[in-house]
Structures are given as structure tokens and as C-alpha cells.
1. Could you compute the FRET efficiency for A:Trp388 and A:Thr335, with r as their C-beta to C-beta distance and R0 at 25 Å, rounded to 0.05?
2. Taking θ as phi - 60°, what are the ³J(HN,Hα) couplings along the range B:142-147 by the Karplus curve (6.51, -1.76, 1.60), each to the nearest whole Hz, with x for Gly and Pro?
3. Relative contact order for chain A: what percent, with Cα pairs under 8 Å and sequence separation of 6 or more?
4. With label points built 7 Å along Cα→Cβ from the Cα atoms of B:Ile167 and A:Asn156, find their separation and express it in nm.
5. Given H placed on each backbone N at 1.01 Å, which residues far from A:Phe108 in sequence or on other chains put an amide H within less than 5 Å of it?
6. Taking 0.36 nm per residue of sequence separation and subtracting the Cα-Cα distance, how much length would be gained by fully extending the chain between A:Asn143 and A:Gln237, in nm to one decimal?
7. What does the average come to when, for each residue of peptide B:90-100, you count the partner chain Cβ atoms lying within 10 Å of its Cβ?
8. Ordered by residue, what ³J(HN,Hα) values in Hz, to whole numbers, does the range B:67-80 give under the Karplus form 6.51 cos²θ - 1.76 cosθ + 1.60, where θ = phi - 60° and Gly and Pro are x?
Amino acid sequence: MKNILRLTTGSLILAGASFFVMSDSAIGYSTIGGSLNLGQRDFRVHDNFTGSSANNNSTNHPNWPGYTGAELSIWKGGAEWNSRPHGDGSGDSSQSDVGSGGANMTFFWEGMASGIGNSNDNIVSSILGSSGGVLAYCETPINDGWRIRFYGDAWNWQDGPGSVNSGMDIQGVACHELGHSLGLGHSTAGGSPTMNAYISGTGTGQRSLASDDIAGVKSIYSPMASSMPRIDNVAVQGSTVTITGSGFSSSTNRVWLMSDLLDGGNSGGDHATVADVPSSNGTSMTFQLPSSGWESGCIAVKRTTGSTYSDLSESHPFDAATGGGGGGNDTVALTANTFTPSPGQGLTFSWSGAPISAPYRLVYSFTDYSPFFSTFNGVVGTGSNTAWGTGSLYRVTPNGAAGRTVFIEGQYISAGVVSDSNTIRLDVQ
Amino acid sequence: MKLLRWLTASAAILLLMQAGNACIEELDLQNMISKTDVAVQGTITDVRTVKYTPENDDLLIYTIVTIEGTSLYDNSQITVDAAFLGGTFEGESMMVTSMPAPSEYRLGNDVVVFSGTVQGWGPDIDRCVYASMGGIFRTIDSRKGAVVLGKGKGFAIEGNQLVSTLISNIAKATSEAK
């Protein structure tokens, strides 16, 4: 009797477990627990891929300004999860629209990082050594951020941008790994969804979300709310930017711009934020670009008062490289003798790689209440580069800068072409 | 017999649901054989973790499992130390999506493990559980003999099968490769 009872009980437990398994199996997707709040939507790339084919796409695409190679591949891999198509959705011949998630979930591209970061810095990079048969992995848990590593020299990584006929596709694998980073596990659905447990062929099929992947991201972040801010167009005139769309707050909004700080640590990955941007009709807003601290790439709008997943718009291409202010190509290397000056302390800025004997202008922006920009822009100084394309400038840290974070960037004009430097950040004591 | 099949299938499904989240290439048995030099059926007799920091990189934690059993490639008695990335070392954890599920590598588990050599994983490791969660498979006893639990399409062992059948399939795949 005892044996029959045990057998019956055991069978019922297994049957119950199988019922739940069958339910999940019918759905296909799975979750690993957790989700990314709005402060964890950033992602960056430390491009230390060593294979030549991982960075041999040098063709720019207007829908993805400023990035090529592995960085562009990974950017597109993340953008596929976004709520709506990125810009006009173009830029990948293997899919009609990049941006198919349909949930209240948008990654925010933050460009490059100077290092691999810590396990919660949201940086994608490669790792050297034997892969042990693994293509890439994502470090979890995700709630406080994540880190993705590709086994860089163990596989023949390809950056596309079109179809990939040999090796492994960075974009497809990035899309898969970023699916883990937002909280998805593997799918048992048929039809090779992105979150399949294994990568089929070269992995280009994993670039495009399948219906099961979309159901998965919607299960974590809910289907995209109709009220979610939407960007239809971004127009740049000089340093004035006008965004048109819908769902903007009539009181204040925050505009997210890509930060121009190449930072590999915990402090990196923060977007440059222009605060207090009103939109009286909820469909358009105009703001002034800070002089420095941001980079061309992408832009998003967040309603200031909200903090739910649906208070952030999808990301949209933003290219203001010739619009004055920041942005540009960062071809000039700018540095300073200290990054934590005290008021009254002398500061020497120096640079190299600038156009020979061409005029320069060092500009600044600063934040009143970090990390939000206000309209505090100005010029540090002007002059001419040396005949070796170098330069330096001495200034005394103003007393009024105490306690502020200042972003400084160089602009260099030669034959009508504007090039610029990296941005440096000064935290004034 | 039907009950056994049903139990085996249910256990396999449950294991599949607990499996880790490796991002691995699609593998079939032949592909797995071509990429590994050891396949062992046996018992996990030790599980330990080590930490290692590669040059110019961050700390990594590896789990090493020791399997004592029989080689499926040449029928010899072997003991294999095979590692995968991830684990907890002295209270510090590194959890990665490529790890097998904890239920797969518990001490005392009967398993089939495919293993290959690795470089750059530190002084304590010279071979891996190939494809991490894709290279370890639980086995259970049945009246007909040990059964290895498959992990579905895309894995080296797709469906449940007797270990004796797996050995035959390995021999067949090896001879076809020649």
C-alpha cells in the first residue's frame, strides 16, 4: 500500500511539474528573473575584438551615425529589442526594421567604453583565450546591470553589415546576449527564435526577433503603452534641436543624448541629459545643445515626472556633427593636467592630432546639478594650433565653478571642415 | 515500461527547463566528437571552484568537476577534471549564462561529459566541459541499462537514449569521419 501511495504521489508531482513545463513549452520563451529599470538601459562596447573581419565594415549608415565595425553590429543587435524601429528602421539588409520588441523596453546606445568594466557596467567586449565551445556569455543577475563577453579570438567574428556566409555573426550573437541582459532565458519555441539555446549557422538569423522573443520581452516589460513618448523626427539648426513626435509631457521632459565620455568604470554609461525641456502641445519640443559632453549617435525623450518603463521613448538616430557644439569625430586627443581641480588652481589643457596651424576653440558646458545639463555653455579659449598639429592652453579654474562638473571639448576648423576632440570631464572641488 | 518511459521523458524535460543559458554553436554528435578528445560516462566525485585573473582582464571564477568513469571513445577507465566558467569561490560569485544548471553538476550525479583542452584558463585548468551546459548530460538507470537524457535539437545528444546506443552512435560517427 505504501509503495502504491508513493508511486501515486510521485506520479502526481511529476505530472504537476510536467503540466507547468508543458505550459511553458507551449509559450517557448523563459525568463531568468529581474528586469532593467530606466537607469540600466545604457549599453556600450569596448571594441577589443582582434579578428580583422570583426571590424572591417567601414561604411557609415545615416540611421546609425558615427559607428561602424563591431560597434555598429552590437548597436543594431541591441536596437532590435527596442520598442519601435530605430529611426526609419533601415541599415540591415537582412531585416525590414531594426527595432521589433514592441514592449516598454528600449536600450540606449552609449557608444564606446575604454575598458571591459565591472560585471554590472553594461559593457560588451571580447575576452581572449579558449572558448571551451562557448560563443559568448552574459554575467548575471541583471537588476544592477550586466556584462557581456564574446570569446574574441576563438571564433571568426564577422561584423556584416549584410548577410554573413562564414564565421559567426556579431550582430546576431549580440542580439541573443542582450536578450539575456534584459531578462530572458532560452526559448524552446520552434522556428529558431533569437533566444534559442544555440546559434544556428552563422547566427544572422538571430538578428531578427521572432514572435516568441517579442512575447518574452513583452512579458517582462509589458506591451508598449500607447502613451509612450514617440520620436518621429529630429531637426538640428545650428545648436537648436527640435524634436517632433507624440506623448511628450506638457510640463517638462528630459532629453537623453549619448555621452562623449570614454569611461570604462562604474561612473561611465550615464547619458548626457538636457533637463527641463517643455512641450506645450505634447508633440514637439525645442532645446539648445550643450557645447560639449555629448556625442552624435542616438537620442531619446523621457517624461520628467514619470519613472515607469513607458515614460521613455524609443531611441532615435541623432547626428549633429556639423551642427555646432559637441558631437563630431573625436580625432583630436585632448587632455588636462588634472581632472579634479580646485577653484583658483591653474589648469593646462593640451592636445595633439589637430589640423596643422588651424584655428582652435575650446568650449565647455557644465551641470548645475549633476548629471543634468543646463544652458551653461561658453568658450574656454581660442587660438591656433602649432605647425605640428598640437596646442596647449592655460587657464585658472574660476571660483564660480566650485562643486560643478564641467565638460570640455576642442573644436578645430580647417578648410571649412570641423573636427573635434574627445570630451574631458572636470570635477571641480 | 510505459511508466519508465514517461518518467524518463518527464525528468528530461525538467532537466531541460533547468539547463543553463549558454550561447553555443549548434552541435550534433559528430560535431561534438570532432571538437573533443574525451567523452566520459561516470559519476561526479568532486566539485570545486578556482579563481583566475587573466592578464589585462577581470577576475574569473571557474567550476571544476571531476568525473570518474568510462571513456566513451576507447572504453578505458578514466578520471577527468573538466571546467566551465562561473561559480562561487569563497563567497564571491560569478554567474554567467553559459553555466550548466546547478542540478546538472551536483556531487554524485551520474553524467556523460564531453571535454576538450583549453588554454588561458589559469594554472589549475587544462580542459573544459565543452560548450559548458551543452557538454554535460545526466544519466539515469533503467531496466535496460543507463539512459542518457538528451537536451533537444541543436545539442550533441538530442533525445534520450541508452548509453550503449550512444556508444554505438559515437563509433558510427567516428568511422564515418574516417
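1. Values: r = 16 Å, r/R0 = 0.64.
Result of the calculation: an efficiency of 0.95.
2. Karplus-based 3J(HN,Hα) across the range B:142-147 equals 9, 5, 8, x, 5, 10 Hz.
3. Details: 1149 pairs, mean separation 61.5, N = 429.
Computed value for chain A: 14 percent relative contact order.
4. Using points 7 Å along Cα→Cβ, the separation is 3.7 nm.
5. Residues meeting the amide H criterion: A:Asp42, A:Phe43.
6. Values: separation 94, 0.36 × 94 = 33.84 nm, distance 3.90 nm.
Gain on extension, A:Asn143 to A:Gln237, equals 29.9 nm.
7. Working: counts 0, 0, 0, 4, 3, 7, 11, 18, 12, 3, 0.
Counting other chains' Cβ atoms within 10 Å and averaging over B:90-100 gives 5.
8. Values, residue by residue: 10, 10, x, 10, 5, 7, 8, 9, 6, 7, 7, 9, 10, 10 Hz.
Values in this text are rule-based calculations from the coordinates and carry no lab data. Since this is a predicted model, take the numbers as computed values, not measurements. All Cβ positions, even for glycine, are placed from backbone atoms using ideal geometry, and neighbour counts span all protein chains on display.
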